[in-house]
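Shown next, in structure tokens, is the structure this report addresses.
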Amino acid sequence: MQKPFHESVVDAINDADPLDLRIIGSIIVATKVPEGHDEIIAAWGAKTGHIHDSERVVASLRAQKLELVD
């Protein structure tokens, strides 16, 4: 069954090991995320803490969320 993008990303983050998180983070930064920014940020923060590129991923999601509001 297909899910919205953000739900699939949250599931992938929750199941990821550290290498997977680097790949998922790169995909998030390179992808226009249509919705669910807060859910992805929450899952990312709970899983990653302060690993490499964590701030870059969160900043990208926050910027995209702001673009939708403007």
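Read the figures in this text as sums done on the coordinates, not as results from a lab. Computed from a predicted model, the values in this text were never measured in an experiment. No Cβ is skipped: glycine too gets one built from the backbone with ideal geometry, and neighbour counts run over all protein chains shown.
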Seminar exercise, completed: Using the Cα gyration tensor of the chain, the equivalent ellipsoid's semi-axes, largest first and to the nearest Å, work out to 18, 15, 10
Exercise. For the chain, with the dipole built from +1 on Lys and Arg beta-carbon atoms and -1 on Asp and Glu ones, taken about the Cα centre, which of Pro34, Val9, Val57 lies farthest toward the positive end?
Worked result: Val57
Exercise. Residue separation times 0.36 nm, minus the C-alpha to C-alpha distance between Val29 and Glu55: what's the value?
Worked result: 8.3 nm
Problem set entry | Over the chain: helical MRE at 222 nm, DSSP H runs n ≥ 4 each giving -39500 (n - 2.57), nearest 500 | -23500 deg cm²/dmol
Exercise. For the chain, what relative contact order do you get, as a whole percent, if you take Cα pairs closer than 8 Å and at least 6 residues apart?
Worked result: 38 percent
For this session: Identify the residues of the range 27-41 with backbone N under 17 Å of a label point that sits 7 angstrom from the Cα of Leu68 along the Cα-to-Cβ direction, or state none.
Result: 28-41
Seminar exercise, completed: Computed about the Cα centre, the charge dipole of the chain from +1 Lys/Arg and -1 Asp/Glu charges at the Cβ has a magnitude in debye, to the nearest 20, of 140 debye
